[in-house]
Amino acid sequence: MASASLGNGGVGSSRSVNGFKGSSSSVDWLGREMLEMRLRDKVDHDEDRDSEPDVIDGVGAETGHVIRTTVGGRNGQAKQTVSYIAEHVVGTGSFGVVYQAKCRETGEIVAIKKVLQDKRYKNRELQIMQMLDHPNIVALKHCFFSTTDKEELYLNLVLEFVPETVNRIARTYSRNNQRMPLIYVKLYTYQLGLKSNNSVSMERKCWIEDEIWVLVAQVGWRMGLWVKTHHICRALAYIHNCIGICHRDIKPQNLLVNPHTHQLKLCDFGSAKVLVKGEPNVSYICSRYYRAPELIFGATEYTTAIDIWSTGCVMAELLLGQPLFPGESGVDQLVEIIKVLGTPTREEIKCMNPNYTEFKFPQIKPHPWHKVFQKRLPPEAVDLVCRFFQYSPNLRCTALEACIHPFFDELRDPNTRLPNGRPLPPLFNFKSPELSGIPPDVIHKLIPEHARKQNLFMALHT
């Protein structure tokens, strides 16, 4: 599980961030003053910790290792043996390891996440994954336990394999001195990983070269940033409203992408939790660059609005090509936020954590958004960013409100295509639970007419 850091390293730096920097004296003063807040410090970890399944022997992540387990046996299903051959590791962290494997019976490629069962930490990931069923969330196929010679117990989650992450795609554009197409930013953010090795497959190289060629020759960077933001918001609307879960670690590494269709899938629910009003939660959560300010203030009764803040950080990073708030420690993270948004008001501090209402912050003016991004962005893009980045959690837009924002109107146009000419991935195939309780006028904004007609046709013929 990702844990917050509120260390002293880098506090008060006046370094240039995304093309701007605050006044040296005021920012240095801000950093020194905030050290007196005595916010708790911990070492940061960028990775999460994350029916009775079978128990098998062996670690199983070594290349060529064969894992055999059984599936079925419940609800009248016959038991059957399934075997996987490990191909290579695609992600490691404090939570354990993720490796790519192939089912020997069917040839299907899967991802197997192996998580050490540490008695010091409560692991909710399996229970939460069993609750989820959504096109923008990575699917759990089945699971099993494995043991080692040291009598360590591991939970193995067999997941659908999605080859790319938003993080790797964004870094590829950055290395090529390109901005991610605005249509992709829209698509990925609407739909709302795992670290892997740095090797780039030939297929991926060809895809990147093709996308950049189309981008430069046909549409330019701006047309393309639209699509990614859309997917994040849809996935969050589902887990927040239908399941009641807060993900608590939204970041580019946890956003998987099919590089051909650009469908996004949210993964890694190792930090996720059902939030109960009045019940305290750990504040040392979420990777630093994407951490909401109330978490930095040590709030323990936060809401799903922390995921909304993180989504804003992802969207801004895709627009900028680099993190918007690159704090070097927990306190420095708050400094970076204040340098952009300005000093929070007394009322805003009260909404984040009333224990700090009387703390005297140096007064820093907010930085204009058009200077932050240094590029002309559509006004609706700036408006959505502003709705994500509110100090007061209750003033941030919800995931559903974000989905109907004008920023995503291009995605509702039946003539919109990806830069390479391919159609957009399915965006409006909502299931009944997703639409339950939503007013008709909101549904009308959410689902365009052409999609409503298609959904009706599919309902009548299935």
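Which order do the peptides 165-171, 346-352, 381-387, 287-293 come out in when sorted by mean C-beta neighbours inside 10 angstrom, highest first?
So the order, starting with the most tightly packed, is 287-293, 165-171, 381-387, 346-352.
Any chance you could run the full-extension gain for Val276 through Asp383? It's 0.36 nm times the residue separation minus the Cα-Cα distance, nm to one decimal.
35.5 nm
Quick one: what are the phi-derived ³J(HN,Hα) couplings along the range 158-164, Karplus 6.51/-1.76/1.60 with θ = phi - 60°, whole Hz, x for glycine and proline?
With coefficients 6.51, -1.76 and 1.60, one gets 8, 10, 4, 9, 10, x, 10 Hz.
Work out from phi, with θ = phi - 60° and the Karplus expression 6.51 cos²θ - 1.76 cosθ + 1.60, the ³J(HN,Hα) of each residue of the range 384-399, listed in order in whole Hz, and give x for Gly and Pro.
For the range 384-399, the Karplus-derived couplings read 5, 4, 4, 6, 6, 9, 10, 4, 6, x, 6, 9, 5, 5, 7, 4 Hz, x marking Gly and Pro.
Which peptide among 358-365, 273-280 comes first, and what is the full order, when sorted by highest mean count of other Cβ atoms within 10 Å?
The packing order, highest mean first, is 358-365, 273-280.
If R0 is 25 Å, what FRET efficiency do you get for Asn415 and His260 from their C-beta distance, rounded to 0.05?
E(calc), rounded to 0.05, equals 0.75.
Using a simple charge model, +1 on the beta-carbon of Lys and Arg, -1 on the beta-carbon of Asp and Glu, nothing else, what dipole does the range 54-160 show about its Cα centre, in debye to the nearest 20?
260
Return the lysines within reach of Lys102: Cα separation strictly under 24 angstrom, same-chain partners fewer than 8 residues apart disregarded; answer none if there are no such residues.
Lys79, Lys113, Lys114, Lys141, Lys195, Lys205, Lys265
Using the Karplus curve 6.51 cos²θ - 1.76 cosθ + 1.60 with θ = phi - 60°, what ³J(HN,Hα) values do you get for each residue of the range 146-155, in whole Hz, with x for Gly and Pro?
9, 10, 10, 4, 8, 6, 7, 10, 10, 8
Mind running the shape call on the range 54-160? Use the C-alpha gyration tensor, a ≥ b ≥ c as the square roots of the eigenvalues: rounded below 1.5 for a/c, prolate if a/b tops b/c, oblate otherwise.
Taking the square roots of the gyration eigenvalues as a ≥ b ≥ c, the range 54-160 is rounded.
For the range 241-397, just say rounded, prolate or oblate: build the C-alpha gyration tensor, square-root its eigenvalues into a ≥ b ≥ c, call rounded for a/c under 1.5, and beyond that prolate if a/b exceeds b/c, oblate if not.
In terms of gyration-tensor shape, oblate.
Every number in this text was worked out from the coordinates using simple rules, so none of it is lab data. Quick caveat, the model's predicted, so the values are computed rather than measured. Please note: Cβ atoms are built from the backbone with ideal geometry, for glycine as well, and neighbour counts cover all protein chains shown.
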